[in-house]
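Here's the structure we're looking at; comments come further down.
The values are calculated or read from the model by the stated rules, or taken from the named source; none is laboratory data. Here the structure is a predicted model, which means the values were calculated and not measured. Cβ atoms come from the backbone with ideal geometry, glycine included; neighbour counts cover every protein chain shown.
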Amino acid sequence: MQYRRLGSSGLQLSALSFGSWVTFANQVDLDAAKQMMATAYDAGVNFFDNAEAYAHGESERIMGKALADLGWSRDSYCVSSKVFWGGQLPTQRGLSRKHVFDACHAALDRLGVDYLDLYFCHRPDRDTPIEETVRAMGDLVAQGKVLYWGTSEWSAGEIAEARGVARALGCAGPTMEQPQYNMFVREKVEREFERLYDEGLGTTIWSPLASGILTGKYADGIPAGSRMALESYKFLREELESEKGRAKIETAKALEAVAADLGTTLTRLALAWCLTNPHVSTVILGASRLSQLEDNLASLEVLPKLTEDVLERIEGILGNRPEGPRRF
């Protein structure tokens, strides 16, 4: 396993981490969760990602029970939660001081831990003053209930504003952002956040396989049991069946030839490609079966094969390299 610093912090996260979105409670029960978490941990994974919104809290309960049964030393792993979608009532949603605090304590209870290593604002909240959210997060850090806090799917401007407010208040500011990043979604990580990396921003990226498109499994339709076959993720299926979705499937087929020439799979190629970006602190893996996770973990073996020539060949297929900032 490789380890990378989370931005400018001293925290070293495994380059590959393991998350529970979609899978835990929907496709993965407690026994399977324990088996996959143990396999990831034995491979050197030290970060396990979760959120209050995942399966309405059941995902965190399963992970908490797994952690209790596995009995790892608390100083050997990191666990996260995210706050925004906790329920339907006004006080159960958003980033108000009340919900930020309530959600943190609920996550601690579900996960069975005394503190969260990472705590993310799952989306920006237009209805709560940024000062209120930043102070609430800073207070949780000061109380020792959260070690590092960050954002997920915020813009560069929103992150910069939060950091400025934190400096003015004299409290902890956001250390990391959790954006979607893969061969098809690149703008934020490769261009928009560029100016924030020098200020120490780390990234814990999600959906590195573009919801499974970059595994090649949707080339001939939607297999039964896949996430796009789940009714609760109908929006992913509709996106896949759109014109843009079909174009992505064709691109994935072309990328399979590159993978074959390297003696690897499209899945491993796509994951290793994400890690060629030095601003990616960790790539969050998701799996519904142990065999998937084991295959994903082998992607580190592909990294040395991604030479400049190979990367340029990939760029020729993708044709979506974000343009740099204009100079006048």
Whether any residue in segment 236-252 is in a helix (DSSP H, G or I), at pLDDT 95 or above, charged (D, E, K, R) and surrounded by 14 or more Cβ atoms within 10 Å (Cβ to Cβ) is what I want to check. no
Please state which of the following conditions Phe184 fails to meet, knowing it meets all the rest: (1) under 22 Å from Gly144 (Cα atoms); (2) touching a helix residue (DSSP H, G or I) at 6+ places or on another chain (Cβ under 8 Å); (3) in a loop (DSSP other than H, G, I, E, B). (1)
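For segment 116-127, which residues satisfy the criterion of being surrounded by 17 or more Cβ atoms within 10 Å (Cβ to Cβ) and either without any contact (Cβ under 8 Å) to a residue 40 or more places away in the chain or under 19 Å from Val165 (Cα atoms) (or both)? Talk me through it step by step, then tell me what you get.
If we filter segment 116-127 for residues that are surrounded by 17 or more Cβ atoms within 10 Å (Cβ to Cβ), which is where we start, we get 116-125.
Answer for segment 116-127, where residues must be surrounded by 17 or more Cβ atoms within 10 Å (Cβ to Cβ) and either without any contact (Cβ under 8 Å) to a residue 40 or more places away in the chain or under 19 Å from Val165 (Cα atoms) (or both): Leu116, Tyr119, Phe120, Cys121, His122, Arg123, Pro124, Asp125.
Residue by residue, here is whether (1) part of a loop (DSSP other than H, G, I, E, B); (2) in contact (Cβ under 8 Å) with a residue 40 or more places away in the chain; (3) closer than 29 Å to Glu158 by Cα holds:
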| site | (1), (2), (3) |
| --- | --- |
| Phe48 | no, no, yes |
| His56 | no, no, yes |
| Arg61 | no, yes, no |
| Gly64 | no, yes, no |
| Ser81 | no, no, yes |
| Gln88 | yes, no, yes |
| Lys98 | no, no, yes |
| Ala107 | no, yes, yes |
| Arg110 | no, yes, no |
Condition (residue is closer than 18 Å to Asn277 by Cα, modelled with pLDDT of 95 or more and either crowded, with 19+ Cβ neighbours inside 10 Å or small (Gly, Ala, Ser) (or both)) applied to segment 213-230: is it met by at least one residue? yes
I'd like to verify a number: residues in segment 1-39 that are polar (S, T, N, Q), buried (at least 19 other Cβ atoms within 10 Å of the Cβ) and under 30 Å from Gly173 (Cα atoms), how many? 3
Meets criteria (crowded, with 17+ Cβ neighbours inside 10 Å, charged (D, E, K, R), over 30 Å from Val258 (Cα atoms) and at pLDDT 95 or above) for Arg163: yes
Among the residues of segment 3-28, how many are within 16 Å of Leu271 (Cβ to Cβ) and not in a loop (DSSP other than H, G, I, E, B)? 7
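Would you please name the residue that is nearest to the chain's Cα centre (by Cα), looking only at residues in segment 289-328 that are of a type in the set (Gly, Ala, Ser) and over 30 Å from Thr175 (Cβ atoms)?
Filtering segment 289-328 for residues of a type in the set (Gly, Ala, Ser) gives 291, 298-299, 316, 319, 324.
Among the residues that remain, those that are also over 30 Å from Thr175 (Cβ atoms) are: 291, 316, 319.
On the way: Ser291: 20, Gly316: 27, Gly319: 24 Å.
The selected residue is Ser291.
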Return the residues of segment 259-311 that are surrounded by 15 or more Cβ atoms within 10 Å (Cβ to Cβ), hydroxyl-bearing (Ser, Thr, Tyr) and modelled with pLDDT of 95 or more; say none if nothing qualifies. Thr264, Thr265, Thr267, Ser281, Thr282, Ser299
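For segment 132-168, how many residues are in a helix (DSSP H, G or I) and in contact with a Lys or Arg (Cβ under 6 Å, 6 or more places away or on another chain)?
As a first pass, look at segment 132-168 and keep what is in a helix (DSSP H, G or I): 132-142, 156-168.
The next check asks that each one be in contact with a Lys or Arg (Cβ under 6 Å, 6 or more places away or on another chain); those that pass are 132, 136.
Qualifying residue count for the region: 2.
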So how many residues does segment 1-15 have that are over 17 Å from the mean Cα position of the chain (by Cα) and either under 10 Å from Phe47 (Cβ atoms) or of a type in the set (A, V, I, L, M, F, W, C) (or both)? 1
